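The values are calculated or read from the model by the stated rules, or taken from the named source; none is laboratory data. All values reported here derive from a predicted model rather than from experimental measurement. Backbone-built Cβ (ideal geometry, glycine too); neighbour counts: all protein chains shown.
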Amino acid sequence: MTASTPTSTRATATARAGRRVWLPAATAALLALGLAAAMAAPPDRLQGNLQRLMYVHVPAAWLAYLAFAVTFGASLAWLWRRRPGADRLAAASAEVGVFFTGLTLVLGSVWGKPVWGVWWTWDPRLVTTALLFFVYLGYLALRRAVADPVARARRAAVLGVVAFVQVPIVHLSVVWWRTLHQPPTVLKPGDPTIDHAMLAALLVNLAAFTALYALLVASRLELARLQDEAERLLAEGEPPLAGAAVTPPRPEGMRERG
Amino acid sequence: MRAEATAPGWAGVLARQALEVAAKDVRVEVRSGEALPVIVPFGAAALLLLPIAVGADVPLLRQAGWGMFWVVVLLFGTLVTVRGTAVDDPAQRDLLALLGVDPAARFAGQTLASALLLVAFQVLLAPVAVALYDPGLTGWRWLGPTVLLVAVGLAALGSLAGMLTAGLPARGTLAPLLVLPLSVPLLLAGTQVTAGAAFGRSPLVWLLLLVAADLVVLAAGVLAAGSLDETTTR
Amino acid sequence: MGANGSGKTTLLRVLATLLPPTSGGGTVLGAPLDAPVRLAVRPAIALLGHAPALYPQLTLDENLGLVARLLGERPGHAAQALEVVGLAGARHRRAAHCSQGMLRRAELARALLTRPRLLLLDEAHAGLDPAASGLVGLLVDDVLGRGGAAVLVSHEPWRLRPLVDRTVELADGRLWPVEEAGDAR
């Protein structure tokens, strides 16, 4: 990092402050628009108002996979260039991804129970999403288990890449499995015969949630960056030399205790 | 002394190193008496517990028999592979690194050793499942290749997870967590081969999926071995 | 030499090319420490650390045989090395059933077997009885005779003095020369 002059520091701070304002503002606006669109869209013929959960469930599912893809990309970037920012992005995206994956699963349950009478359907996409949830949890658990930042970044990056490559195979196997046992009624939120108004509302919500994802990741990134800064400053304060923590023993201490 | 990557005998050197590592791992595991003498009874006990929990209804058990076998193979087989990756302690890893053992060769060797142990594990558990559940034995011919392919895939996943969690105190529990979600194709292929055979469906497509899944994990492991080797990277 | 925690083991691992330096650089056996080519000189380095790098479930013979095969040495050399260090009788004993001193001797046998050009001994005389202590000198002579070098870490400098050309102390992250009256070599 090059030393920054007072003017450039101020410029960076201003840029960051600017980002801090427009992204939340845009997100809030899009979310409000999304909510309005979801409410304005016509209710489903069969499921009624319950079907409006789709406007949250589908974007959440989309984000779960987007976050996973971002973690994959950031992991590759780290393995390529070893930039700490890439590692922070992978971690931030994974954390946000866990949230949206969990949300997808819960909403799927809430939607499913009144419609099909069961909390869980073995729809292949839902199953894969559940497995994705566990993959994320494993990723975050691995990060938490490694103390050294470089080792943590390296191992997490490898897992981020390997997991992403494996998930399509997992999904394929689940899809094949379910096509053998598919019941006639199936969760089909992305039905191409969807009503135009509904589709429009869905797209608006997709955009809104993507903005929300970006906002959450950006905030998490900032937090991670500040954490790393703090750690770096703390480490600089410690005696950097080996052996400085070890001093010759003081046998007088035993006599003092009496 | 150590062959460069472009030397013609390089693949031979890697293969030889992998075989030495595999032989060493198998010998150590067999003598430590943990992989098979402990985990096989553990798996057999699990197979016994399931009907106690879900009901000893013979038609139900017949239908679910192979599925239960494959689930136990997956859950407990993961323990076998994770144990196998703990054979080397830091001093031994340093020694292997100094002897010029390529990390990819070490991965391949560990995977081979775990795969052999897993084949033995499945072969020992299968009669227990057959005895307890009386599932159909039609299509037993497909069982052999399936056992082999599941063993290789699970071993590779286990070795990969072992590399990712090497040296961590939480390794024993974290590695299985990493393996299980990604091992679902193995589980599905195993169950579909045995179930499909009962209905006269050709299991070829599932065997192909198994081969593809195995190849992907093996490739990932070989590629990752170099990146994860802490004596060569920063 | 150096106080506890001064970084002696870390330094040995850096010299063994197992730990890349976080700053600065150097060359070991002609290979720069931050270049991939350092991997090529590793088989010429023998590192004997605190913990024995022997597999407890394998016999001493099997342990050394593994090393021999990985280096392309003849398997007979493993038995020879064990004989030199006086462990021929314990060849078929598992490492788990050997005492610390025996394991240390076995490690010295391993170092002899690998015929290194750089010998790194951590706690050189630890666990060795007087008869075996002479083995350290033997090993150092063997390496020096091949034109190599040896780095020995010890808390018993009087034992090392006859073996070494130079004594240094690691403190505050630097190496300090140690003045002594009348060097033996």
Can you tell me which of (1) at pLDDT 80 or above; (2) in contact with a strand residue (DSSP E or B) (Cβ under 6 Å, 6 or more places away or on another chain); (3) surrounded by 14 or more Cβ atoms within 10 Å (Cβ to Cβ) is the one C:Met1 doesn't meet? (1)
Picking from B:Ala131, B:Ala170, B:Ala213, which residue would you name as being in contact (Cβ under 8 Å) with a residue 40 or more places away in the chain and either away from chain A (no Cβ under 11 Å) or not polar (S, T, N, Q) (or both)? B:Ala213
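When you go through B:Ala166, B:Ala175, B:Ala155, B:Ala151 one by one, which is the residue that is part of a loop (DSSP other than H, G, I, E, B) and crowded, with 18+ Cβ neighbours inside 10 Å?
On the way: B:Ala175 fails: part of a loop (DSSP other than H, G, I, E, B); B:Ala155 fails: part of a loop (DSSP other than H, G, I, E, B); B:Ala151 fails: part of a loop (DSSP other than H, G, I, E, B).
Just one listed residue meets the conditions, B:Ala166.
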Which one of C:Ala35, C:Ala53 is of a type in the set (Gly, Ala, Ser), touching a residue at least 24 places away in the same chain (Cβ under 8 Å) and either surrounded by fewer than 20 Cβ atoms within 10 Å (Cβ to Cβ) or closer than 22 Å to C:Leu139 by Cβ (or both)? C:Ala53
Answer residue from region A:219-258, given it is buried (at least 18 other Cβ atoms within 10 Å of the Cβ) and modelled with pLDDT of 85 or more and is farthest from A:Phe100 (Cα to Cα) among those: A:Ala224
Only listed residue being over 29 Å from C:Leu170 (Cβ atoms) and charged (D, E, K, R), chosen from C:Arg93, C:Arg115: C:Arg93
Which of the residues that make up region B:187-210 are out of contact with any Phe, Trp or Tyr (no Cβ under 8 Å at 6 or more places or on another chain), away from chain A (no Cβ under 11 Å) and not in a helix (DSSP H, G or I)? B:Gly200, B:Ser202
Is it the case that region A:176-192 has a residue that's within 14 Å of another protein chain (Cβ to nearest Cβ), surrounded by fewer than 10 Cβ atoms within 10 Å (Cβ to Cβ), assigned to a loop (DSSP other than H, G, I, E, B) and at pLDDT below 80? no
Within region A:164-174, the residues that are crowded, with 17+ Cβ neighbours inside 10 Å and free of Cβ contacts under 8 Å to residues at least 40 places away in the same chain are A:Gln166, A:Ile169, A:Leu172, A:Ser173
Quick check: is even one residue across region A:64-84 surrounded by 19 or more Cβ atoms within 10 Å (Cβ to Cβ), among the charged types (D, E, K, R) and closer than 30 Å to A:Pro149 by Cβ? no
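Among the helices (runs of 4 or more DSSP H) contained in region B:1-110, which hold 1 or more residues that are more than 12 Å from chain C (Cβ to nearest Cβ) and farther than 24 Å from B:Leu157 by Cα?
Values: elements: B:10-32, B:35-54, B:58-84, B:90-98.
By residue number, B:10-32, B:35-54, B:58-84.
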Can you pull out the residues in region C:57-78 that are crowded, with 18+ Cβ neighbours inside 10 Å and more than 11 Å from every other protein chain (Cβ to nearest Cβ)? C:Leu60, C:Asp61, C:Leu64, C:His77, C:Ala78
Looking at region B:216-224, is at least one residue in a helix (DSSP H, G or I), more than 17 Å from B:Ser114 (Cα to Cα) and of a type outside the set (Gly, Ala, Ser)? yes
So which residues in region C:33-56 are more than 7 Å from chain B (Cβ to nearest Cβ), farther than 18 Å from B:Val21 by Cβ and over 18 Å from the mean Cα position of the chain (by Cα)? C:Leu33, C:Asp34, C:Ala35, C:Pro36, C:Val37, C:Arg38
List the pairs whose first member sits in region B:10-36 and is surrounded by fewer than 20 Cβ atoms within 10 Å (Cβ to Cβ), whose second member is modelled with pLDDT under 90 and assigned to a helix (DSSP H, G or I), and whose Cβ atoms are under 7 Å apart, counting only residues at least 6 apart or on separate chains? B:Glu34/B:Arg83
Within region C:1-32, which residues are among the hydrophobic types (A, V, I, L, M, F, W, C), in a loop (DSSP other than H, G, I, E, B) and either over 16 Å from B:Asp229 (Cα atoms) or within 14 Å of chain A (Cβ to nearest Cβ) (or both)? C:Met1, C:Ala3, C:Leu19, C:Leu29
Given (1) within 19 Å of A:Ser173 (Cβ to Cβ); (2) buried (at least 24 other Cβ atoms within 10 Å of the Cβ); (3) at the interface with chain A (Cβ under 8 Å from one of its Cβ atoms), number of the condition B:Ala220 does not satisfy: (2)
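How about region A:112-135: which of its residues are more than 21 Å from B:Leu188 (Cα to Cα) and either in contact (Cβ under 8 Å) with a residue 24 or more places away in the chain or buried (at least 20 other Cβ atoms within 10 Å of the Cβ) (or both)?
At the first step, the residues of region A:112-135 found to be more than 21 Å from B:Leu188 (Cα to Cα) are A:112-119.
Residues satisfying the conditions are A:Gly112, A:Pro114, A:Val115, A:Trp116.
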